[in-house]
Amino acid sequence: MSYLFHFPFLLFLGLFFMGGSARAVTINWGTYISPTSYLYDSTGATLSDDFFFELGTFGSFTATEANMSEWLTNWKPFDRAFAPSIEGWNSSAGIVASSATLETDFTTSNTSLSQVNTFAPGEQAYIWIYKGIFGDGSSQPTLGEGFEWALVTNDSSDGVPGDDWLMPVPSGHVATSLDWRIEDASATPFGGLNDQSGPGETSADPATSYILQTHTLLTPVPEPGSALLVSLASIAMFWRRRHRV
């Protein structure tokens with residue numbers, strides 16, 4: 001009788017702990033609270049309030065300088081930091097501090113961002129820094145004239161896979177939080193990182209050591225629609241010349 005009495009209780013405990021393992025994971029990201037150097041734009045000036053910081057992924061897309069016109073199409077923002085400082089970006093101190101939770105349905109807890117996007121385990125995460133065009137937190141990167149971008153991540157290029165910025169499994173993860181800081185990034189598809197200049201152009205280097213510097217291009221990248229029109233025009237011109245021959 002004692003075994004029969006304890007069985008339902010033990011079953012309840014088992015189900016309780018199985019359900020409890022499906023917990024969400026919070027990702028803390030940005031810069032360290034006491035930065036030893038600052039963040040600059042392509043002119044060597046410190047980043048101002050009109051810059052935005054986004055943590056997100058490109059899914060299976062690999063972002064490079066050569067395919068910048070496709071970045072925004074594939075980008076999935078997970079969290080966003082912007083001025084004033086209560087929103088995660090304190091330009092006077094040069095500090096970025098934000099966090100969002102990867103829910104058990106693989107969406108972000110930041111409900112101001114699209115809940116359609118899901119973040120599969122193992123997706124490479126990036127921090128995308130850009131000069132915004134709005135001041136209400138609804139901005140998005142632009143390829144227009146005067147754009148300023150930097151894209152950084154921590155990937156396998158440093159030979160230390162344990163600290164890679166990979167989206168975790170929200171259920172059963174060993175830790176309930178992760179910490180991803182720009183200073184710890186190991187790669188920059190665009191921009192300067194930890195005193196090392198990456199792809200892109202600058203008109204002046206910062207006067208001091210820097211964590212990050214946004215870069216620009218001498219020739220703006222055409223928007224995806226414009227690039228398609230240019231390609232179609234080139235094809236039409238090719239066939240016209242061939243027909244004349």
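Residues in region 151-202 that are buried (at least 16 other Cβ atoms within 10 Å of the Cβ), touching a Leu at 6+ places or on another chain (Cβ under 7 Å) and either free of Cβ contacts under 8 Å to residues at least 24 places away in the same chain or over 30 Å from T104 (Cβ atoms) (or both): T188, P189, F190, G191, G192, L193, G200. Pairs are defined by a Cβ separation below 7 Å, a sequence spacing of at least 6 or placement on different chains, a first member in region 38-65 that is closer than 29 Å to G122 by Cβ and touching a residue at least 24 places away in the same chain (Cβ under 8 Å), and a second member that is assigned to a loop (DSSP other than H, G, I, E, B) and charged (D, E, K, R); the pairs so defined are T57/E123; G59/E123. Scanning region 72-101 for residues that are touching a Pro at 6+ places or on another chain (Cβ under 7 Å) and more than 18 Å from S60 (Cβ to Cβ) returns G94, I95.
For the structure I just gave you, tell me whether S92 is over 24 Å from D163 (Cβ atoms) and not in a helix (DSSP H, G or I). The answer is yes for S92. Yes or no: L47 in contact with a strand residue (DSSP E or B) (Cβ under 6 Å, 6 or more places away or on another chain), farther than 18 Å from S99 by Cα and not β-branched (V, I, T)? In short, yes. Within region 106-119, take every residue that is in contact (Cβ under 8 Å) with a residue 12 or more places away in the chain and over 19 Å from S60 (Cα atoms) and give me the one that is surrounded by the fewest Cβ atoms within 10 Å (Cβ to Cβ). Taking the candidates together, the pick is S112. Looking only at residues in region 66-83 that are small (G, A, S) and more than 27 Å from V169 (Cβ to Cβ), the one that is surrounded by the most Cβ atoms within 10 Å (Cβ to Cβ) is A83.
Can you name the condition, by its number, that S48 falls short on among (1) more than 18 Å from the chain's Cα centre (by Cα); (2) exposed (fewer than 14 other Cβ atoms within 10 Å of the Cβ); (3) under 23 Å from P170 (Cα atoms); (4) modelled with pLDDT of 85 or more? Unmet for S48, out of (1) more than 18 Å from the chain's Cα centre (by Cα); (2) exposed (fewer than 14 other Cβ atoms within 10 Å of the Cβ); (3) under 23 Å from P170 (Cα atoms); (4) modelled with pLDDT of 85 or more: (3).
For every residue, the table says whether it meets (1) at pLDDT 95 or above; (2) crowded, with 20+ Cβ neighbours inside 10 Å; (3) out of contact with any strand residue (DSSP E or B) (no Cβ under 9 Å at 6 or more places or on another chain); (4) under 20 Å from S34 (Cα atoms).
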site: F61; (1), (2), (3), (4): yes, no, yes, no
site: S85; (1), (2), (3), (4): no, no, no, yes
site: V96; (1), (2), (3), (4): yes, yes, no, yes
site: S99; (1), (2), (3), (4): yes, no, no, yes
site: A125; (1), (2), (3), (4): yes, yes, no, no
site: K131; (1), (2), (3), (4): no, yes, no, no
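Pairs linking a residue in region 68-79 that is within 10 Å of L143 (Cα to Cα) to a residue that is in a helix (DSSP H, G or I), with Cβ atoms under 9 Å and 6 or more positions apart or on different chains, are S69/P224; S69/S226; S69/A227; L72/P224.
For region 23-40, the set of residues classified as in contact with a helix residue (DSSP H, G or I) (Cβ under 9 Å, 6 or more places away or on another chain) and assigned to a strand (DSSP E or B) consists of W29, G30, L39, listed by residue number.
The values are calculated or read from the model by the stated rules, or taken from the named source; none is laboratory data. Predicted model, so just to flag it, every value in this text is computed and none were measured. Cβ coordinates were reconstructed from backbone atoms using ideal geometry, including for glycine residues, and neighbour counts include every protein chain displayed.
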